[in-house]
Structures are given as C-alpha cells and as structure tokens.
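A.B. asks: Here it is: the structure, laid out below.
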Amino acid sequence: MTVVTRFAPSPTGFLHIGGARTALFSYLYAKRHGGRFLLRIEDTDRERSTQEAVDAIFEGMAWLGLKSDVEPIYQTQRFDRYREVIAQMLAAGTAYRCYCSKEELEQMRNEQIARKEKPRYDGRWRPEPGKRLPPVPEGVQPVVRFRNPADGQVVIPDLIKGEIVFDNAELDDLIIARADGTPTYNFCVVVDDWDMGITHVIRGDDHVNNTPRQINILKALGATPPQYAHVSMILGADGTKLSKRHGALGVMEYRAMGFLPEAMLNYLVRLGWSHGDQELFTRQEMIEKFDFDHVSASPARFDMEKAYWVNHQYLKTAPLDVVVPEFDWHLRRMGLDPAQGPRLEDVILAQRERCRTLLEMAEKSHFFYADLTGYNEKDAAKHLTADAAELLEALASVLAGLPAWTAEALHAAVNGFAESRGLGLGKVAQPIRVAVAGMAVSPPIDQTLALLGRTRTLARLTAAVEHVHGKSRANS
Ligand code: GLU
C-alpha cells in the first residue's frame, strides 16, 4: 500500500504555525513511507475563503519546502463530483431528503430542550421499513441527510490518541447537501479523501468529532476509511491557548523575523514529536525518523526562546548556499543592494556566531552595504572623544599605507598601532567600530575592516574625526 497523506487548509488566513506543523507531519509521514503528500484547498466556504489566503498558503508551503506531489485540488472545482455522489447515495438509500423547515427544526429543538434532552434531528424524514413518511410539502427545497447507522459504535484507532469510540446513537443524521444543493463540509472531505486515495488523515484534534461521521459516510460508500492521526493543539508557553502574543503567527512572519525555513521545520517537528533527546534534525533525518509512536497526545507548548535557539544553531552550521538567499532577501527588504558591499558568504561567516536571526544579521550588517546615516548616540558619546579622534586620524594614515587590505594585514596593523601607543586593543577597536559601523558592535575589527574595504574604511575614519572636530567647534 502506498501511503498518501494530505494537508487540507481552509483558505481563510495565513499559513500559521499550527497548520504548518500539521502539514509537516503529513509530509514527513508520506515521505518516510515512500508515499505521496497532497495539498487540497478547502474553499467551499466562499464567504470566508479568499485568493490572498490561497496565495499566502502556497507562499508559506513553498518557503518551508513542503511541496505537494501533484497539483493542488480545490474543492470549489469539484461540485459536479459531490452532486454525483449525493445522487448515488439517494439512489442507494444511504441518504434521504428531509423537508423540515427552519421553523420546524427550531420547534423540535425547543421541545427537546424543554424535555431536558440533547437537541438533535429526530429522524422524521428518515425512511425506515414500514414507516409512513410525512407528505412532501409544496414549495420546500429539501436538504439531503446522511442515514447514519442507528446503533453500534464507531471505533477510531487513532495513531496518536489510541482508540476513540463514539456511539452511533450520539450522531445525528448529518446534512450532506443544503437546500440550495451545495454540499456540506464533512461530506466534501469524505469524497475528496476517498477520490484522492488518502490512506492517512493527519489533522488537528479539533476535527475529532467529525471523524466518526466521516467514517460512517465512507463505509456507506463502500470505501475503506483511512487511518487517522489527530494532532494535539499547540499552547502558549504559559499553557493557555496559543495567541499572537505567544508566537501564533503566519509562517511568513517568521521569515520576516529572520528564521531559516529549515530551522522553522526543525522547531515545528519537535512541537509534539520527539526522538530520544535529539533536538536538531536535518530534513532527511526528520523523514527517516518521524513516526506517530512518539507524537505526544498532550498539547505541545510553544517556546519562542527555543525557536530562537534552534534558528541560531542552523545559522551557525547551515551550508552557506542555504543561508545566502535568505540573507539576500532580508538585505533587499531593508532597501539595501547586496551588490554594494562584501560577498554575502563572507559577511555571514563573520556574523553568524553573534546573530540568532537573519534579521539581526541584516541589521548588524547594514553598514557594509550603505553609507552611515549617523552614529549610535551612546556609543559615539563614549567612544568618539577628542582622544579617539587623534587615534583614528593617526591610524587612518597607517592603514592608508597598507600594501594589502587583508584581515591578516589589518590585524597586524591595528595591533601594532595599539601597542605603539601603549593601549589595549579595545581602546583602539571600539572607536574604530563606532567610526565604521556607527555602533560599538561588529565582528572582530580586522574582519570588519577587511570586509568593508579600504575606501569605505578610510572615508569613515576621516568622517568620524571630522564629526568629533565639528562637535568641539560647535561647543566652543
Ligand atoms: N480544512 C480543515 C481545516 O483547515 C482541515 C480538514 C481536514 O484536515 O480534514 O481545519
């Protein structure tokens, strides 16, 4: 049997992290078993579904590298098929027309509540052997209801939660087509899962209550129900419902925050799944090791600090060809042209130990790609003093005479200069930093200057000296 899984988002918003984790689990399970992973857009709720949301879902999936193995399916393009199956079910007697008006249903409900019964459809249009149905009222468009088995149980051997049992007596005769003929949500899911040959339905556990109904319809159609894995929800770090404040954001917001897609996947896979105490997994390792035996049945907690930690581990070790395009994206997003500065590879190597995110890296590397627009006020007050100006001026002429502009040569020159003045390196390096980077943080000074290049370095040293002189003129 080939494993076929699907991710079936409703396009009513972004691909948020809960959805992305469900998609990832489905993807990994299919790949692990050499199967197929499919994408289905559940867009039958036309009022809430938007094209922007569809695009946002595709964008998020593409960024995470969770590729559907065939073209995505849209439910809105399958109405003919749904109608066809409904007609078959009516003919087979597994579904029936119900002519109850809204008022009648309301009355039924009120009476049940008054009798302290659970409100449910009482089956008045349900055909039974020997039963006389009410006369068909004129001018009423009927709904179509599924003829749910009256007794017995539905047992879901859930791959995460273990056996879940529902009594059929608890389940209503579900409406599968509305009076206007449009099919309902649970019905579309069933037909799609069946037609797509889905073998494993992996979805959020907010769908557990739909599952027995879907299984019953599948059985009525003569289909073998798939296996189910209901994934527990994600809670905030404080154990309450996940909200924006906790990190319940769209995955593309994580891109903007400076996460690498592979780090995001790694963080997500550990939300509920574990493999011993291993924390870091390549995509290949995730595929090889993912299973449902080690997916927790209790809710996972979102931990932003851990997400940052994972991202930093990736930034430090990921192959440069993975990091470069993302870093490039961030620089451009800040309005910078990556061609107007050092090679991105070199900047990444110089910065990645000290940056947890690509956003931080881009912010700390801005000065490599654009002119300084000013100095960090505090850093300048501390490090761009009259003494420092004298040092910077003298150093600039030393550096101007360097035959080769390499990190080694700069290292020797700056160290030699500090020694000749009887100063520790920090006393010299900090003013240089503020002069060239606008702030007192940068990679080691020799690397910083090597990356920045001779022309920019000398111009900025001179500008810093000017800045100090300008200030003292203004004060006198
Ligand atoms: N469209 C549903 C949702 O976004 C998922 C349904 C399913 O996976 O069966 O919650």
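Every number here is computed from the coordinates shown, using simple stated rules; none is lab data. Source: prediction; values computed, not measured. Quick reminder, even Gly has a Cβ in these numbers, built from the backbone with ideal geometry, and neighbours come from all protein chains shown.
A.B. asks: Out of everything in the range 216-243 that is touching a His at 6+ places or on another chain (Cβ under 7 Å) and hydrophobic (A, V, I, L, M, F, W, C), what residue ends up being farthest from the ligand (Cβ to nearest atom)?
C.D. replies: Within the range 216-243, the subset touching a His at 6+ places or on another chain (Cβ under 7 Å) is 226-227, 229-230, 236-237.
Still in the list and also hydrophobic (A, V, I, L, M, F, W, C): 229, 237.
Working: A229: 11, A237: 24 Å.
Filtering first and then ranking leaves A237.
A.B. asks: Mind telling me which of the residues L402, L395 ends up being surrounded by 14 or more Cβ atoms within 10 Å (Cβ to Cβ), touching a helix residue (DSSP H, G or I) at 6+ places or on another chain (Cβ under 6 Å) and over 17 Å from A464 (Cα atoms)? Step through it out loud before you land on a result.
C.D. replies: Working: L395 fails: over 17 Å from A464 (Cα atoms).
One residue alone meets the criteria, L402.
A.B. asks: Hey, any hits in the range 375-383 for a residue that's in a helix (DSSP H, G or I), crowded, with 19+ Cβ neighbours inside 10 Å, touching a residue at least 12 places away in the same chain (Cβ under 8 Å) and touching an Asp or Glu at 6+ places or on another chain (Cβ under 9 Å)?
C.D. replies: no
A.B. asks: Quick one: is H207 farther than 30 Å from W329 by Cβ and touching a Ser or Thr at 6+ places or on another chain (Cβ under 7 Å)?
C.D. replies: Against the criterion (farther than 30 Å from W329 by Cβ and touching a Ser or Thr at 6+ places or on another chain (Cβ under 7 Å)), H207 does not qualify.
A.B. asks: Here is a list of conditions, (1) out of contact with any Ser or Thr (no Cβ under 6 Å at 6 or more places or on another chain); (2) closer than 22 Å to V441 by Cα, and V347 meets all of them except one; can you say which number that is?
C.D. replies: Evaluating V347 over (1) out of contact with any Ser or Thr (no Cβ under 6 Å at 6 or more places or on another chain); (2) closer than 22 Å to V441 by Cα leaves (1) as the failure.
A.B. asks: Go through the range 189-215 and report how many residues are touching a residue at least 40 places away in the same chain (Cβ under 8 Å), near the ligand (Cβ under 10 Å from one of its atoms) and buried (at least 21 other Cβ atoms within 10 Å of the Cβ).
C.D. replies: 7
A.B. asks: OK, next. Counting only residues that are surrounded by fewer than 20 Cβ atoms within 10 Å (Cβ to Cβ) and of a type in the set (K, R), which one in the range 436-468 is farthest from F368 (Cα to Cα)?
C.D. replies: Filtering first and then ranking leaves R454.
A.B. asks: Give the residue that is nearest to L265 (Cα to Cα), with candidates limited to residues of the range 1-53 that are of a type in the set (D, E, K, R) and more than 10 Å from the ligand (Cβ to nearest atom).
C.D. replies: The selected residue is R21.
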